[in-house]
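Here's the structure we're looking at; comments come further down.
The values are calculated or read from the model by the stated rules, or taken from the named source; none is laboratory data. Small disclaimer: the values here were computed from a predicted structure and weren't measured. No Cβ is skipped: glycine too gets one built from the backbone with ideal geometry, and neighbour counts run over all protein chains shown. Calculation scope for accessible area: heavy atoms of the full protein, side chains included, ligands and nucleic acids excluded. Shrake-Rupley method; radii C 1.70, N 1.55, O 1.52, S 1.80 Å.
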Amino acid sequence: MSKSHLIFAGFALLLFFAIVASMALGEAMLSPVEIWAAICGAADESSRIIFFDIRLPRTIVGLFVGVGLGASGAVMQAYFRNPLAAPGLLGVSSGGALGAVLALTFGGWFGIYTVPLASVSGAFLAIGAVILLARKGASPEHLLLAGVALNALFGAVTSFILSASAAQTHLNAQILFWLMGGIENRTWEHVWMAAPGILLASILLLPLGRPMNLLALGDSGAQSLGVDVRRLRWQLIVLSTVLTALATAVGGVIGFVGLVVPHIIRLLDGPNHRRLVPLSMLGGASLVLLCDLPTRFLGAGTRLGVITSLVGGPFLLWLLRKRPC
Amino acid sequence: MLKAAALSVDGRLYNISLEVHAGECAAILGPNGAGKSTLLNALAGLLSASGGIYWMGEELERIPYIKRGRMLAWLGQESAAEFAFPVRDVVAQGRFAHGDDNQRIDEAMAAVNISRIANRAVTELSGGERRRVFIARALATGAPIQLWDEPASCLDVRHTLEVYALARGLASGGACVLVSLHDIRAAYRFDRLIVLDRGKLVADGPPHDILTAHLIRQVFCVETRFLTSLVPELPDGEYI
C-alpha cells in the first residue's frame, strides 16, 4: 500500500469516526448499538426521534458544509496559485453573511428557508459584482482586488447592522451566532437545501484535478499543454462559489476550514490536486464534524466557527514547525 | 510548418511575416523589449494578435486546445513554482494532451540531466535546475513545434551548450524549433536568425550572412570587433 493510499484510508477512517461520534454524542448519548437499531428501525421512539430528527440531519449538514469548504479552499488556492487563499477571498462568504444578516434583521416570507436563501442570494450577488467589477478578462489579480474591496464593503455594512441592532439583544445574539457559524438545530430541509448542490459541484470538480495541477504552475504553460484556461477558470469560480455559498447558507460563516485543510493535506501528501481535492473534502468534513462536538457540551458561547479556528490554527502551526513548506 | 502572416500585437509587434519549416533550428534575436517573447507567445496562441498564425497548415484559431498541446510545446521565460510538485510530476505534465508515457518522461529528464532529482520538490531547486525541469516538460510533449523563450537563462555554460545541442537535435529529428536569444554570441549555433528591433523584423537569414557590425550597431547600439575569443564547446559527440 503506497503512502497516498494510506493517507486516503486514514482520512476516510477519520471521517467515519467523526460521523459516528457526531451521531452518538450530545445531551442524550446514543451508543453505536442504539444508532444501528435506529437505522434498522428497531430502536425505541425517543432514540429514533433523536437519531432521525436531530443527529442525522445535523451530521449530514456538517458533512456537506465541511466537504464544500474544504474543496472550495483547495480550488481557490489553485486558482490564485497561493496557499493562503481561502473560500471567502472573492467576497462569497461576506456576501452570504450580509444576505443572512439582512434577512435576520428585516425578516422574510420563506420561513425556515429565508436566511439560507438570502445567504445564497448574497453570495451569488457578491461573485457577480466581483466579476463585473473585475471585467478586463476577469484576470485573477483583478478578481482578487475586486474581492478585497467587496469584502471590506460587505463587512462594513454587516458591522453597521450589528451595531445598529445592539439594543435588540435577541436579534443581535442571533446575528452574532450566525456570523460565528454553527450546525445546531439543523433539519432535513437544510439537508435538501445544501446537500444536492454540494454533491453535484464536488462530483464535477473531481475530474478537474489534473488541469488544476497545470494551472498551479502558470496559465500560459497550462494553455500551451492543452488546457482551455479561460474555461477552466470559469468552471473553478462557479463550482467554488456554489460550494461556499451553500455551505455558508446552512452553516453560517465558518472560518479556517477552507484555508487550513488543503494546507495540511499539501504538507502530508503534496500538491497533486487529483488527490488534494478529494482529500480536502474528507478532511473538511472531518474537521467540521469533530469541531461541532465540543459545541454540544460547552454551552451556547462556543460556536463552530470559533472551534474550527481554535483547533485548526495551532494544528497548522505544529505541522509547519515539523515540516516547513 | 509554423507560419505567421502580417502578425501584429497592439503596440508591441508590427506586421511580422515569417515561416519556420520542419527540420529548421531558428533563433529570434534582439535587445530587451524588441518583442521576442511577444512574438513567441503570439505564435503559441497565448496572447491575442491580429494577422494569421498557422501550425502545420492549420489556422490556429480553428485548432482545439487539446490538439494544440500535441502540436506545439512552449517554454516560457519564467520557471516559477509556488507549489512543491515533485520534479517528475512537472515533467509528466508535458503528456497532458497525449496520455502518460513513462519512457518519454524518463528520456526527457535524462536529456537535461535531472533524473537524479526526479523526486525532489520543484520549489527546492536552484534556478538552473528548475529551468531544466521546465525544458524537460517541453521535451516530454514530443511536439513537432518547439518554441523556447530564453531557454539558457539561469543555466551554466555546460547546460547552456547542452540545451542548444538539444534544440539542434530536435530539429535534426524533423521538429520545427524556434528559440529566443538575447546573447549575440549564441547566435552562430543556429541555422537561421530572425532579428527583431522595437517590434519590427529587421533581418532574417543565416547568422554568417546577416550578423554584420552594421546590423549589430543598428539593433543593439554597440560596436563589434570580430575576434577569436574563448568559445566553450561540448566534447566531441557528447551532449549529456
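For A:269-275, what's the mean count of beta carbons from other chains sitting within 10 Å of each residue's beta carbon?
3
Not counting the cut sites, what is the longest span of chain A without chymotrypsin sites (Phe, Trp or Tyr not before Pro) that DSSP labels loop and that have at most 16 other Cβ atoms within 10 Å?
The reported range is A:111-325.
Under a crude label model (7 Å from the Cα following the beta-carbon direction), how far is B:CYS221 from A:LEU199 in nanometres?
6.7
Determine the shielding of peptide A:210-218 by partner chains: average, over its residues, the number of Cβ atoms on other chains within 10 angstrom of each Cβ.
Values: counts 2, 2, 0, 7, 6, 0, 5, 14, 7.
The per-residue average across the peptide is 5.
Using +1 at the C-beta of Lys and Arg and -1 at the C-beta of Asp and Glu, which of A:ALA85, A:ALA43, A:GLY66 has the Cα lying farthest in the positive direction of the dipole of the range A:25-136?
Of the listed residues, the answer is A:ALA85.
Normalising by the residue count of the range A:29-187, find the relative contact order in percent from Cα pairs under 8 Å and 6+ residues apart.
Values: 150 pairs, mean separation 38.6, N = 159.
The normalised contact order for the range A:29-187 reaches 24 percent.
Is the range A:3-322 rounded, prolate or oblate when judged by the Cα gyration tensor, a ≥ b ≥ c being the square roots of its eigenvalues, rounded requiring a/c under 1.5 and prolate requiring a/b larger than b/c?
Cα axes put the range A:3-322 in the oblate bin.
Before anything else, pin down the relative contact order of the range A:3-322: Cα pairs under 8 Å, at least 6 apart, normalised by residue count, whole percent. The partial results should precede the final answer.
Values: 507 pairs, mean separation 100.2, N = 320.
With pairs under 8 Å counted, the relative contact order is 31 percent.
Within chain B, what percent of beta bridges assigned by DSSP are antiparallel, to the nearest 5?
Of all bridge pairs located within chain B, approximately 50 percent are antiparallel.
Before rounding to the nearest 500, sum -39500 (n - 2.57) across all DSSP H runs of length at least 4 in chain B and divide by the residue total; then give [θ] at 222 nm in deg cm²/dmol.
So the helix-based figure for chain B works out to -9000 deg cm²/dmol.
Using a cut-off of 13 Å between beta-carbons, work out the net charge of the residues near A:GLU189 (Lys and Arg +1, Asp and Glu -1, A:GLU189 not included).
+1
At a cut-off of 30 Å², which residues of the range A:222-268 become less accessible once all protein chains are present than in their chain alone, using a 1.4 Å probe?
A:GLN223, A:SER224, A:LEU225, A:GLY226, A:ASP228
Counting DSSP beta bridges with both partners in the protein assembly as shown, what percentage is antiparallel, nearest 5?
Working: 18 of 36 bridges.
DSSP beta bridges in the protein assembly as shown are roughly 50 percent antiparallel.
Of all GluC sites (Glu not before Pro) in the range A:1-107, which ones are in loop regions per DSSP and have a Cβ with at most 10 other Cβ atoms within 10 Å?
Values: sites: A:GLU27, A:GLU34, A:GLU45; in loops: A:GLU27.
Of the GluC sites (Glu not before Pro), the ones in loops of the range A:1-107 whose Cβ has at most 10 other Cβ atoms within 10 Å are A:GLU27.
Quick one: dipole size for the range B:1-159, taken about the Cα centre, charges +1 on Lys/Arg Cβ and -1 on Asp/Glu Cβ, in debye to the nearest 20.
160
Just how far, in whole angstrom, is the range B:82-143 from the range A:1-56 if you go by their alpha carbon centroids?
45
Quick one: among A:ALA146, A:ALA166, A:ALA123, which has the greatest mean-square fluctuation in a GNM of chain A with alpha-carbon springs under 10 angstrom?
So, out of A:ALA146, A:ALA166, A:ALA123, the one fluctuating most is A:ALA166.
Please work out how much length the chain gains when fully extended from A:ASP228 to A:ALA28, using 0.36 nm per residue of separation minus the C-alpha to C-alpha distance, in nm with one decimal.
Value of the extension gain: 66.7 nm.
Roll a 1.4 Å probe over the protein chains and send me the accessible area per residue for chain A in Å².
Accessible area per residue: 43 Å².
Tabulate in residue order the Karplus-calculated ³J(HN,Hα) for the range A:108-114, using 6.51 cos²θ - 1.76 cosθ + 1.60 with θ = phi - 60°, rounded to whole Hz; enter x for Gly and Pro.
For the range A:108-114, the Karplus curve yields x, 9, 10, x, 4, 7, 4 Hz.
Consider a paramagnetic label point 7 Å from the Cα of B:LYS200 along Cα→Cβ; state which residues of the range B:10-46 have an amide N under 11 Å from it.
Of the residues in the range B:10-46, B:14-15 have backbone N under 11 Å from the label point off B:LYS200.
Straight-line reach only, C-alpha to C-alpha below 16 angstrom: list the aspartates and glutamates that B:LYS67 could link to, leaving out same-chain residues fewer than 8 apart.
A:ASP228, B:GLU58, B:GLU59, B:ASP100
At a temperature of 37 °C and a viscosity of 0.692 mPa s, determine how fast chain B diffuses translationally according to Stokes-Einstein, using the Kirkwood radius over alpha-carbon pairs as Rh; express D in µm²/s, rounded to the nearest whole number.
Answer from the Stokes-Einstein relation: 178 µm²/s.
Of the heavy-atom accessible surface of chain B (probe 1.4 angstrom), what whole percent is carbon and sulfur?
Accessible surface attributable to carbon and sulfur in chain B totals 49 percent.
Indicate, rounded to the nearest 5 percent, the antiparallel portion of the DSSP beta bridges found entirely in the range B:121-240.
Looking only at bridges with both residues in the range B:121-240, the antiparallel portion is about 50 percent.
Let me check against my output: what whole-number percent is the relative contact order of chain B, with C-alpha pairs under 8 Å and at least 6 apart? Write down the numbers at each step before the final one.
On the way: 451 pairs, mean separation 66.9, N = 240.
About 28 percent, as a whole number.
Evaluate 2.2 N^0.38 Å with N set to the residue count of the range B:187-228, then give the Cα radius of gyration divided by it.
Compactness ratio reported: 1.13.
Would you work out which of A:MET180, B:VAL122, A:LEU289 lies farthest towards the positive end of the dipole of the protein assembly as shown? Charges go on Cβ: Lys and Arg +1, Asp and Glu -1.
Toward the positive end, the furthest listed residue is A:MET180.
With all pairs of different alpha carbon atoms counted, what Kirkwood hydrodynamic radius in Å does the range B:15-57 show?
11.7
With a/c under 1.5 counting as rounded, go ahead and sort the range A:1-127 into rounded, prolate or oblate using the C-alpha gyration tensor (a ≥ b ≥ c being the square roots of the eigenvalues; past the cut-off, prolate if a/b is larger than b/c, else oblate).
oblate
Cα gyration tensor of the range A:217-325, axes a ≥ b ≥ c as square roots of the eigenvalues: rounded (a/c below 1.5), prolate (a/b > b/c) or oblate?
Note, shape of the range A:217-325 comes out oblate.
Roughly what percent of Cα-Cα pairs across the protein assembly as shown reach past 46 Å?
Tail of the P(r) past 46 Å holds 29 percent of the pairs.
How much of the accessible area of the range A:3-322, probe 1.4 Å, is carbon plus sulfur, in whole percent?
With neighbouring chains kept in place, the figure for the range A:3-322 is 72 percent.
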